Amino acid sequence: MQKMGKLYVVATPIGNLTDLSQRAQDVLSQVTWIAAEDTRHSLGLLQHLGIATPLVSYHEHNERERSLALIEKLMSGEDGALISDAGTPLISDPGYHLVQKAHEAGIQVVPIPGACAAIAALSASGLASAKFLFEGFLPAKSGRRKRLAQLKDFPATVIFYEAPHRVLELLEECCDEIGRERSACLAKEITKKFETIYSSSLENILARVRQGEIPLKGEFVLMIAPPAEKPESLSEVAEQIRILQILMAELPMKQAVQLAVKLTGHPKNALYELALEIQGKK
Ligand code: SAM
């Protein structure tokens, strides 16, 4: 039986060409073909690297039909690579159909990791990073504000890509729909000469953009922090202590805590800690 080829999904630099790994260069020079979004753009990268592998065009307008032709090549034993203009393929870039069809055909898909603007931006943002939502581009016209309103209370950092001519609009929309005080970070031109990573409130970021201190040229990632957890007010804690003291005067601690949970709706662990403190002070 004919041995099938492998499909390599290769991340390319988002600005600084030295970010391309040695492994990525080896793969790009060894495969039979490279499917690229804009073959003219990628030819520049390949020429810079001295790689002569033929390029095949694969973009959002031909990806369905082109995927079938590329799958046939892979099934005939050819190894191929998928790249996009910059960064990681499939991340707000074409490639989904090809990778999906490759899996359906039983072809091995091998990721060659590298630059991704969203991950680079998040890693330098200073915003919560344990969990995040990659939202990518909002729709260009309708539905933008509605989506932002839906994301207002999302409990993790939300990452947007945006075209330079819409960054001001996006910041204004975020201020209106999410709140001017919300922490955020605008990352511009990552790995390039005019790289700027500015973390502050949405209001301050908008002001710097309006004043022209962050010129709206180049490529941008906007990240919005999750809403800050509301600290418990002193009066809420005082009320919990009062209830626990009354109950603990009549009942064993375990039962008192169980009842306090029902009465206040506060978490059992927190009330148990308070009960221990009250008992310790007796
Ligand atoms: N696949 C790419 C990736 O892995 O990041 C993203 C491609 S998407 C079509 C292009 C968008 O990514 C830009 O509009 C911008 O929002 C973001 N982007 C790409 N390169 C960037 C850079 N150097 N600095 C900031 N944002 C960048």
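The values are calculated or read from the model by the stated rules, or taken from the named source; none is laboratory data. Predicted model, so just to flag it, every value in this text is computed and none were measured. Ideal geometry is used to build each Cβ from the backbone, glycine not excepted, and the neighbour counts take in all protein chains shown. Keep in mind that these areas ignore ligands, DNA and RNA; they rest on the heavy atoms of the full protein, side chains included. Shrake-Rupley method; radii C 1.70, N 1.55, O 1.52, S 1.80 Å.
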Legend entry - Among the residues listed as Leu171, Leu122, Leu148, Leu186, the single one being in a helix (DSSP H, G or I), within 16 Å of the ligand (Cβ to nearest atom) and in contact with a helix residue (DSSP H, G or I) (Cβ under 6 Å, 6 or more places away or on another chain): Leu171
Inset, instruction - Restrict the check to segment 78-85 and report whether at least one residue is open to solvent by 30 Å² or more (accessible area, probe 1.4 Å), touching a helix residue (DSSP H, G or I) at 6+ places or on another chain (Cβ under 8 Å) and in contact (Cβ under 8 Å) with a residue 12 or more places away in the chain. - result: yes
Inset, instruction - Might you let me know whether segment 43-57 holds any residue that is closer than 27 Å to Ala120 by Cβ, in contact with a Gly (Cβ under 8 Å, 6 or more places away or on another chain) and open to solvent by 40 Å² or more (accessible area, probe 1.4 Å)? - result: no
Inset, instruction - Output the qualifying pairs, or none if there are none: Cβ atoms under 8 angstrom, residues six or more apart or on different chains, first residue in segment 205-226 and modelled with pLDDT under 95, second residue surrounded by fewer than 17 Cβ atoms within 10 Å (Cβ to Cβ) and of a type in the set (Lys, Arg). - result: none
Legend entry - Residues that are closer than 14 Å to Ser92 by Cβ and more than 15 Å from the ligand (Cβ to nearest atom), drawn from segment 125-145: Leu133
Inset, instruction - Tell me which of these Val209 doesn't satisfy, since it passes every other one: (1) aliphatic (A, V, I, L, M); (2) outside any loop (DSSP other than H, G, I, E, B); (3) surrounded by fewer than 12 Cβ atoms within 10 Å (Cβ to Cβ). - result: (3)
Legend entry - Any hit, segment 91-102, residues being in contact with a Cys (Cβ under 6 Å, 6 or more places away or on another chain), open to solvent by 20 Å² or more (accessible area, probe 1.4 Å) and within 28 Å of Phe134 (Cβ to Cβ): yes
Inset, instruction - Being small (Gly, Ala, Ser), touching a strand residue (DSSP E or B) at 6+ places or on another chain (Cβ under 6 Å) and within 22 Å of Gly179 (Cβ to Cβ) is the filter here, so list the residues in segment 208-256 that pass it. - result: Ala225
Inset, instruction - For segment 105-119, enumerate the residues that are more than 11 Å from the ligand (Cβ to nearest atom), hydrophobic (A, V, I, L, M, F, W, C) and not in a strand (DSSP E or B). - result: Ala105, Ile107
Inset, instruction - Kindly provide the set of residues from segment 77-93 that are over 17 Å from the mean Cα position of the chain (by Cα) and within 11 Å of the ligand (Cβ to nearest atom), ordered by number. - result: Ile83, Ser84, Asp85
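Okay, residues lined up against (1) in the same structural domain as Tyr161 (by the TED database); (2) charged (D, E, K, R); (3) more than 16 Å from the ligand (Cβ to nearest atom); (4) within 28 Å of the chain's Cα centre (by Cα):
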{"position": "Val27", "(1), (2), (3), (4)": "no, no, yes, yes"}
{"position": "Thr32", "(1), (2), (3), (4)": "no, no, yes, no"}
{"position": "Ala35", "(1), (2), (3), (4)": "no, no, no, yes"}
{"position": "Leu45", "(1), (2), (3), (4)": "no, no, no, yes"}
{"position": "Pro54", "(1), (2), (3), (4)": "no, no, yes, no"}
{"position": "Tyr58", "(1), (2), (3), (4)": "no, no, no, yes"}
{"position": "Asn62", "(1), (2), (3), (4)": "no, no, yes, yes"}
{"position": "Glu72", "(1), (2), (3), (4)": "no, yes, yes, no"}
{"position": "Met75", "(1), (2), (3), (4)": "no, no, yes, no"}
